[in-house]
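I have placed the structure first, in the form of structure tokens, so that the comments after it can refer back to it.
The values are calculated or read from the model by the stated rules, or taken from the named source; none is laboratory data. All of these numbers come straight from a predicted model, not from anything done at the bench. We place every Cβ from the backbone using ideal geometry, glycine too, and count neighbours over all the protein chains shown.
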Amino acid sequence: MWRASTRTKRAHAVETALRLFAERGYDQVSVSDIIEATGTSKGTFYHYFHSKQELLSELPLRQLAIVEAWTQRAFAQGASPAGRVNSLLLELAKALGDSPRLVRSLYSMSGQEPLLGKAQQQLAAALIDCLAHWLEDRRKAVYLHDIYSGTLWSWAAGAHPDLEEALRSNLYWAWRGINNETQSGHDNQESPDSTGMALEEEPVMEVAVIGGGLAGLTAAAYLSQSPGVRGVVFERSPQWGGRAFTYEKSGFTLNYGAHAIYGIDRHTIAKLEKELDLNFSSKQVDKRKVMYEKGEKVTPAPLDFVNLVKTDVLSAGQKVRFVAEISAMIANIHQLRKYPTLGDYLAETSQDEDLKELWEHLVCSNFFISPEDARRVPGHVISDYYHNLFLSQKPVNYILGSWAVITNQLKAKIESSGRWETAVQEGVDGIRYENGKYLLTTKNREQAFDRVVFAMPSQQVVKLLKGTPWEPFMADYEANTATEVLVYDVGLSHVVNRPFSYISDMNNKMFITDVSATDHTLVPEGGQLLQGVAYLSDESFGGDTDRRAYLDERQAQMEALFDRHYPGWRDAVTVKRMSKKAMVQSVKNVAGNRLLPNRMESVPFYFCGDGCAGKGELAERAFSSARIAAKMLLEQVELALAK
Ligand SMILES: Cc1cc2nc3c(=O)[nH]c(=O)nc-3n(C[C@H](O)[C@H](O)[C@H](O)COP(=O)(O)OP(=O)(O)OC[C@H]3O[C@@H](n4cnc5c(N)ncnc54)[C@H](O)[C@@H]3O)c2cc1C
């Protein structure tokens, strides 16, 4: 299905069309075939594309993007330009993948279809300009461009089975010609393959990213923008996205974790959107439909001034005090900042109990934690968080179509660079240092890398580094506790209409979100997707039996919340997914826990993920820490390659 819920529509159509062109040939694929294969309508297709040729023109446009990235790159002073010319041309060849038929179609249609012809000309001009700038000689640039396109053409026509090998060989001879080294007789009869010819290439840094969740994909997407970096993203599970993994069941799109973005206008995802060229839409949760249940009463959550006036959670006097509290947060002068934890602040403040309860409840909902844990969150963490959120014009938004819209684009970006491999179902089992490189072992290979980025929960980093020379540096992070919740997702065959789309049970610390009220793309026609989340206490219980009894009790309370507010839901259930131990954040941001830094003295690796240092909480921490780690690494690449 061509649903926003699984991919961005345009990107999905391009991928599908290119696959069909590669399989059958451009001529043999009609617009109707593409529409059918993508499961959309003619109207939607023509909303995105004017014609079939526009889809094929994506191929030269992607090549153009590679040339532009190389054009902007800085190189080591005094380095020979031949290396970078070869590296760029080889990268362009690799990025074309392994479909000679597609390239054949492109070449043959370029003469007939003006749009394709124009895209090809644009690519050729940019490539020649780039080579001419490096070589300071336009004739050589044109010659090398012709070598590249000639090789492509003969490979597409079936003259060579292996494009990279053919290009290496042709470039080798081209450079010998350029350098006036060609001698008659003996040299010309030599087979370039058998001489062990060495083609000069730009040095690159080999990087491994371990973990294909939001953090790993984000870090690799940033790194893939640099022509100086080549790498592999390893993901041990069969799918991408980690805890943001999304799957389809009976027409419902279920997220393993939810996809709410808090304060999207001030969120790191806004930076990613610009810097990584992401394309997604989001929709704001209707604040008037966010309710709190306290005792028997259901009342608006005091999220903004209108709701604050209406809510019964606070009395008139408390409302005035709460407005003052919010203003102090916005101005960054709230006293809470100075206290080690929320608990310390609440113990000393003169506020009455309802206001204290409201603060505690807000922290529970934004950090997904129990009241006991809420009191352990450091004062400055809460102040920073609400300073940002209260200033936001868009407190809660959903990415339309779920996390998959983001993860699919990140993955496509990484792969389209031509320099990165995405290795799924290939967990990294070991790491060691040898001859200046880090050797990673998986079930399929042992590969050497110059740099390694860990993009996984800190508990798993600690485990992987056990028995290595870096184990002692991980000791501080070993005892970290994670934020875990009970999740109860139900897909209903019809909508149980309620005047709210979010109901939070203040007494039992759990909530239900009508996800489909904001993101309609996640349900089949007429369906409804409700997500219940119960915060869990991780206080020590007597043993496993007690813990199980506690979880059973939370489940019963959750079902009772559904019964109270969604009458008849049990008869409408089409899909159900329950997890009694879903990890929302790998390191709970409470006193006693320590976030893993992005870099550590004496440890040569980079760290990112929602348990690492970064801005925000939950997924924002995964995105922001990945962005920080990638930028740190890119600075190192610049330095190392400039030497
Ligand atoms: C129920 C629930 C609700 C949530 N709701 C929200 C929300 O509304 N808003 C929000 O912002 N966030 C939310 N989150 C949090 C968000 O999903 C996470 O913060 C984010 O997905 C974490 O991403 P990550 O990349 O840091 O970690 P992960 O997703 O855990 O990714 C790490 C990856 O590393 C892989 N890996 C581990 N070890 C190895 C190895 N040795 N080799 C190779 N691969 C390895 C794992 O398989 C995994 O895929 C929610 C989470 C849950 C569970």
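Below is a table of values for the structure above.
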read-out	value
Residue count, the stretch 285-297 (criterion: of a type outside the set (S, T, Y) and in contact with a His (Cβ under 8 Å, 6 or more places away or on another chain))	1
Filter pass, A119 being among the hydrophobic types (A, V, I, L, M, F, W, C), under 33 Å from the mean Cα position of the chain (by Cα) and surrounded by 20 or more Cβ atoms within 10 Å (Cβ to Cβ)	yes
Set A215, A208, A258: member being near the ligand (Cβ under 8 Å from one of its atoms) and not in a helix (DSSP H, G or I)	A258
Checklist (1) farther than 16 Å from F252 by Cβ; (2) more than 29 Å from the chain's Cα centre (by Cα) applied to L536, failing item	(2)
Some residue of the stretch 304-313 being surrounded by 13 or more Cβ atoms within 10 Å (Cβ to Cβ), of a type in the set (F, W, Y) and farther than 25 Å from S516 by Cβ	no
Of all residues in the stretch 586-616 being of a type in the set (S, T, Y) and either within 10 Å of the ligand (Cβ to nearest atom) or in a loop (DSSP other than H, G, I, E, B) (or both), the one that is nearest to L389 (Cα to Cα)	S586
Of the criteria (1) more than 18 Å from L254 (Cβ to Cβ); (2) crowded, with 18+ Cβ neighbours inside 10 Å, which one K580 fails	(1)
Candidates V453, V462, V485 - the one that is assigned to a strand (DSSP E or B), in contact with a helix residue (DSSP H, G or I) (Cβ under 7 Å, 6 or more places away or on another chain) and either modelled with pLDDT of 95 or more or surrounded by fewer than 19 Cβ atoms within 10 Å (Cβ to Cβ) (or both)	V453
Residues of the stretch 261-282 satisfying the condition of being within 14 Å of the ligand (Cβ to nearest atom) and either assigned to a strand (DSSP E or B) or without any contact (Cβ under 8 Å) to a residue 40 or more places away in the chain (or both)	I261, Y262, A270, S282
Answer residue from the stretch 536-578, given it is among the hydroxyl-bearing types (S, T, Y) and at pLDDT below 95 and is farthest from V298 (Cα to Cα) among those	T545
Criterion: outside the structural domain of Q225 (by TED's automatic domain parsing) and either aromatic (F, W, Y) or in contact with an Asp or Glu (Cβ under 8 Å, 6 or more places away or on another chain) (or both) - qualifying residue of L90, L102	L90
Within the stretch 238-255, considering residues that are of a type in the set (S, T, Y) and either free of Cβ contacts under 8 Å to residues at least 60 places away in the same chain or within 11 Å of the ligand (Cβ to nearest atom) (or both), the one nearest to S282 (Cα to Cα)	T246
All positions within the stretch 519-543 that are among the polar types (S, T, N, Q) and more than 16 Å from the ligand (Cβ to nearest atom)	T521, Q528, S537, S540
Residue match in the stretch 617-629 (condition: in a loop (DSSP other than H, G, I, E, B), assigned by TED's automatic domain parsing to the domain that holds V462 and either touching a residue at least 60 places away in the same chain (Cβ under 8 Å) or more than 10 Å from the ligand (Cβ to nearest atom) (or both))	yes
Those residues of the stretch 221-237 which are part of a loop (DSSP other than H, G, I, E, B) and either under 20 Å from G491 (Cα atoms) or away from the ligand (no atom under 15 Å from the Cβ) (or both), in sequence order	S224, Q225, S226, P227, G228
Of all residues in the stretch 33-65 being of a type in the set (K, R) and without any contact (Cβ under 8 Å) to a residue 40 or more places away in the chain, the one that is nearest to R104 (Cα to Cα)	K52
Condition met for M291 (touching a Phe, Trp or Tyr at 6+ places or on another chain (Cβ under 7 Å) and assigned to a helix (DSSP H, G or I))	no
Subset of the stretch 353-394 (residues that are under 18 Å from A328 (Cα atoms) and acidic (D, E))	E360, D384
Qualifying residue in the stretch 597-615 (condition: modelled with pLDDT of 95 or more, β-branched (V, I, T) and buried (at least 16 other Cβ atoms within 10 Å of the Cβ))	no
Candidates T481, T407, T468 - the one that is closer than 25 Å to Q585 by Cβ and more than 10 Å from the ligand (Cβ to nearest atom)	T481
Residue check, N408 within 26 Å of H267 (Cβ to Cβ) and not assigned by TED's automatic domain parsing to the domain that holds Q225	no
Filter pass, G212 being closer than 24 Å to A95 by Cβ, modelled with pLDDT of 95 or more and of a type outside the set (V, I, T)	yes
So P499, is it in contact with a helix residue (DSSP H, G or I) (Cβ under 8 Å, 6 or more places away or on another chain), surrounded by fewer than 23 Cβ atoms within 10 Å (Cβ to Cβ), at pLDDT below 95 and not in a helix (DSSP H, G or I)	yes
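Okay, residues lined up against (1) part of a helix (DSSP H, G or I); (2) of a type outside the set (G, A, S):
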residue	(1), (2)
A11	yes, no
A22	yes, no
D33	yes, yes
F45	yes, yes
L59	yes, yes
W70	yes, yes
R73	no, yes
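For every residue, the table says whether it meets (1) surrounded by fewer than 17 Cβ atoms within 10 Å (Cβ to Cβ); (2) modelled with pLDDT under 90.
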| position | (1), (2) |
| --- | --- |
| H12 | no, yes |
| S41 | yes, yes |
| P60 | no, no |
| Q63 | no, no |
| I66 | no, no |
| S80 | yes, yes |
| L131 | no, no |
